[in-house]
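A quick write-up on the structure given underneath.
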Amino acid sequence: MKIELKPFQEKAARDMREHIESAWYDSRRGHAQAIILSSPTGSGKTATVNALMEWINEGFEAYPPDPRAVFLWLSDSPELNQQSRDKILRQSSVFFEHDLVTIEPPFSQERLEAGKIYFLNIQKLGKESLLTKAGDGRDFTIWQTIQNTAEASGQHFYVVIDEAHRGMNEKPREAEQAASIIQRFIKGYPEGGLQPLKLIIGMSATPERFQKLVQGTGRIVRPVEISPEDVKISGLLKDKIVLFYPDDDQPADWSLLEQSVRHWQRFTKEWQDYCANQILEAVIEPVLVIQVESGTRDNLTTTDLIQLVNVVERVTGRLPEGAWAHAFQEDKDLEVAGQKIRKIESSMIEQDPLVKVVLFKMSLSTGWDCPRAEVMMSFRRAQDYTYIAQLVGRMVRTPLARSIESNDFLNTVSLFLPHYDYDGLQSILKKLNNPDPDTGVGVEVETGANLVYLEKDPSKAALFEKLATLKTYRVERMEKASPVPRLMKLARQLTAHDEIDKTIHSEVKALIVKTLADELSRLNKSPDFTGNLAANQEIVIREVSVEYGEWQEIGTPKTEKMPVTPENVDDLFRQCDRLLGNEGLHLAYWRSRQDINNPMRAKLELYGILRDGQAWYRLNAVCQSKIDELFDKYETAIQGLTTSRQEVYNRIRRSGKDPEPERLFVSPNIATPKSLPRWEHHLYIEPGGGFGADLNTWETDVLKNERNKPEFAGWFRNMPRKTWSLCIPYRFNNEWKSLYPDLLIFRSVNGQVLVDILDPHDSALADSVAKAKGLIDYTQKHGQDFDRIQLIIKDTSGHLRYLDLKDQQIQKRVNVLKDTEPGELTRIFEELG
């Protein structure tokens, strides 16, 4: 992949890859299969399935490559078809232009070719379509081609149904036959000669109808689900949708249009500054999309397009040629107020470098994916709130597929609604907060009038310097990589990308090869070591599993004999590359040990080494130690990089088996609602001073107590799931979770800035013991950075009780508790708090 998958995308692709093995096994026993990916809006389902297809084609970890694989990608609209193809072309490092074939007349082949992805828009499969007819030089209908491919390719034929929830409704009179064209691939189509396909892969934001249908056909359903929460914290979606609407006593249309243009200009300037500061190759160019009203028989639209163009260009000046475009159904360019407004297909907006302002009516609700669309203005009336919600659901993608760590404004998307009153706005909010993935987006919604951007208080520079020294963690539900590829990735960043250490990449490669050689010396003392059998006619293969970097035996160890042929040995050698992270380390080892007289020996040696548990653990221990060493050695140099480059290194840290510490990021600005109660002395303040925070009674009492102390210097509200938040990991139910302590208190004592963690913490909650243990573990690792680390409760008499987690006696008492004993934690508060 040319892109780095998000953790949840990689996990979903892995799960599907595992399901495929079982699915083909069961299909050979006569059971048709369906793998169903439930993928919420904005989760990148195309990237996830693209990775799956690459892994099938090229091989992945213990799974060998499938050179006979054929892929058929079905979608229900031309726009979606083209959009999926374009995405795969941009993202894939395996499939190229000639491998991506769009099926349209006069296409006619006996069968589909291996190694290719065929895109088929099912709207072209009606009775009158040339694809469904033979004759006029066409020897095969599309149904015959697909059936021939299924028969010839067997378990190497993969059919992907995009947006699988569409076309799944069965009316009573259609129960006997599948009237929907999509259903023909599932149920078969005897009239066209198509049998039910053995394996289908469906993906949808709303897969329930699809799942119900395939279960009704007797297929074995293998679900894979991407959690909306994982999408929300991934950075793929904007943090906030900001709604602007008029007050009752002011004109709306043109004043809000002008405001939206100025807002769009701000996005443009902020993106230019960010991209320049981060030294990014491409500058993000935001798009302003304007939804106009429908037309009549005589008028294209009832919105005054001349005035629209004049208002926009009164703010911007005359826009350059090509900047204006429309996505109306009418397939022609327009001339309006001296400007050419060219026709553009909605799927092409994102990739068009010239387009800046796009006009549309309703056509952008489907088949549209434009992360550059940062601002939308709608002239539609309030009764269109469902369409508005669908449109906004397409706009919340982030342009860089990640949150912007240093600018909260760029993590928002703006929507201007001049014809929405309070009731109409509530309808929008209801739709956007709807769990239905078709309209709900899982993104916080705020009105523009109630949002304020806070800056650092310049009088608290010393406090910010202290804040920047603190260690935080990032807990992400991701499949963990072994230290071997993590070390190689880290070294590559240090050498090739940032030139911090120009020799470290070759040095770590040599370290890994040497470690493998050392393990070989140990293993050669064993008479049954696999590598010693290289000269024999057969090699004994021991079945083990190396998943996500963890070496383990699969049940009772199994062995099988394999002929020592060049083809078999090369296949085992390729498995070595996958086990080592596809970094070419297998070749480095082979070159260091190659024997002209016996070229297969070094390959079999490496395979034998990597099938030995002790050798695997030793190799990973050496690599993890080197990772820790390099991060310690170059911490200052990494901190001197741009924030976007620092995030690359942070992602390497986060891919480890356990959470690893990283430096807390100090954001130059943050956003909060205006309507919250005001507080003084916060590190971030509004232009006129003050900070809005909604504190509960415990937090309020704690903060008031601290502010009354003479050494009090300031405070920081630690908000959950922000790039700039202090996060502490803890284990609960065998899973890493995130704790965000409520308050950081700063004090000045004898000219020294001290910082405290104060966390009002209900000790009766189910995970209270686990959180307390997590805080203790953090204290033992980083307690020297803090003066106080305290859990706080309010007892039955209303008094605050503080539990000092730097106290070793308290640490011992808490650490022996079971997670199921929150009452015992309360008792410790009563005795020692």
Matching residues in segment 591-649 - criterion: being more than 33 Å from the chain's Cα centre (by Cα) and aromatic (Phe, Trp, Tyr): Tyr607
Limited to segment 592-613, what total is found for residues that are in a helix (DSSP H, G or I) and without any contact (Cβ under 8 Å) to a residue 24 or more places away in the chain? 1
Any residue that is at pLDDT 85 or above and either crowded, with 22+ Cβ neighbours inside 10 Å or not in a loop (DSSP other than H, G, I, E, B) (or both) - is there at least one of those in segment 162-178? yes
Condition met for Gly202 (within 32 Å of the chain's Cα centre (by Cα) and modelled with pLDDT of 85 or more): yes
Would segment 70-79 turn up any residue that is modelled with pLDDT of 95 or more, among the aliphatic types (A, V, I, L, M) and over 30 Å from Leu579 (Cβ atoms)? yes
Considering only residues that are closer than 25 Å to Ile652 by Cβ and exposed (fewer than 14 other Cβ atoms within 10 Å of the Cβ), which ones fall in segment 614-627? Tyr617, Ala621, Ser625
So, of the residues in segment 433-457 that are of a type in the set (D, E, K, R) and modelled with pLDDT under 65, which turns out to be least open to solvent (accessible area, probe 1.4 Å)? Asp436
Within 19 Å of Phe157 (Cα to Cα), buried (at least 18 other Cβ atoms within 10 Å of the Cβ) and among the small types (Gly, Ala, Ser): which single residue out of Ala51, Ala114 fits that description? Ala51
Residues located in segment 469-500, provided they are of a type in the set (Lys, Arg) and in a loop (DSSP other than H, G, I, E, B): Arg474, Arg477, Lys480
Determine the pairs where a residue that is of a type in the set (Ser, Thr, Tyr), located within segment 218-232, has a partner that is assigned to a helix (DSSP H, G or I) and open to solvent by less than 30 Å² (accessible area, probe 1.4 Å) with Cβ atoms under 8 Å apart, the partner being 6 or more residues away or on another chain. Ser227/Phe8
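For (1) more than 28 Å from the chain's Cα centre (by Cα); (2) open to solvent by less than 10 Å² (accessible area, probe 1.4 Å), each residue gets a yes or a no:
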site: Arg721; (1), (2): no, no
site: Ser725; (1), (2): no, yes
site: Pro729; (1), (2): no, no
site: Phe732; (1), (2): no, no
site: Ser748; (1), (2): yes, no
site: Lys781; (1), (2): yes, no
site: Gln790; (1), (2): yes, no
site: Thr796; (1), (2): yes, no
site: Gln808; (1), (2): yes, no
Segment 567-600 - residue that is of a type in the set (Lys, Arg) and at pLDDT 85 or above and, of those, surrounded by the fewest Cβ atoms within 10 Å (Cβ to Cβ): Arg591
Would you call Leu470 open to solvent by less than 20 Å² (accessible area, probe 1.4 Å) and over 27 Å from the mean Cα position of the chain (by Cα)? no
Modelled with pLDDT of 75 or more and surrounded by fewer than 17 Cβ atoms within 10 Å (Cβ to Cβ): is that true of Gln351 in this structure? yes
Any hit, segment 221-230, residues being in a loop (DSSP other than H, G, I, E, B) and more than 30 Å from Leu74 (Cα to Cα): no
So Lys812 ticks every box in (1) part of a helix (DSSP H, G or I); (2) buried (at least 21 other Cβ atoms within 10 Å of the Cβ); (3) not hydrophobic (A, V, I, L, M, F, W, C) but one. Which box is left unticked? (2)
Out of everything in segment 241-279 that is more than 14 Å from Phe416 (Cβ to Cβ) and touching a Leu at 6+ places or on another chain (Cβ under 8 Å), what residue ends up being most open to solvent (accessible area, probe 1.4 Å)? Glu270
When segment 524-546 is examined, which residues are found to be over 22 Å from Asn597 (Cα atoms) and either at pLDDT 75 or above or part of a helix (DSSP H, G or I) (or both)? Lys525, Ser526
Quick check on segment 374-382. Is at least one of its residues at pLDDT below 70, in contact with a helix residue (DSSP H, G or I) (Cβ under 8 Å, 6 or more places away or on another chain) and surrounded by fewer than 23 Cβ atoms within 10 Å (Cβ to Cβ)? yes
Being assigned to a helix (DSSP H, G or I), within 19 Å of Asp408 (Cβ to Cβ) and not polar (S, T, N, Q) is true for just one of Glu706, Glu629, Glu647. Which residue is that? Glu647
In segment 313-348, residues that are open to solvent by less than 60 Å² (accessible area, probe 1.4 Å), under 36 Å from the mean Cα position of the chain (by Cα) and not hydroxyl-bearing (Ser, Thr, Tyr) total 12
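Residue by residue, here is whether (1) at positive phi; (2) among the basic types (Lys, Arg); (3) in a loop (DSSP other than H, G, I, E, B); (4) over 28 Å from the mean Cα position of the chain (by Cα) holds:
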site	(1), (2), (3), (4)
Pro246	no, no, yes, yes
Trp254	no, no, no, yes
Leu257	no, no, no, yes
Phe267	no, no, no, no
Cys275	no, no, no, no
Glu293	no, no, yes, yes
Thr301	no, no, yes, yes
Val311	no, no, no, yes
Return a yes/no flag: does segment 27-42 have any residue that is more than 22 Å from Val224 (Cα to Cα), under 19 Å from the mean Cα position of the chain (by Cα) and surrounded by fewer than 18 Cβ atoms within 10 Å (Cβ to Cβ). no
Of the residues in segment 672-704 that are in contact (Cβ under 8 Å) with a residue 40 or more places away in the chain and within 15 Å of Ser459 (Cβ to Cβ), the one that is surrounded by the fewest Cβ atoms within 10 Å (Cβ to Cβ) is Pro687
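The values are calculated or read from the model by the stated rules, or taken from the named source; none is laboratory data. These numbers come from a predicted model, not from an experiment. Positions of Cβ are backbone-derived with ideal geometry, glycine not excepted, and every protein chain shown enters the neighbour counts. What goes into the accessible areas is simple: the full protein's heavy atoms, side chains included, and nothing from ligands, DNA or RNA. Shrake-Rupley method; radii C 1.70, N 1.55, O 1.52, S 1.80 Å.
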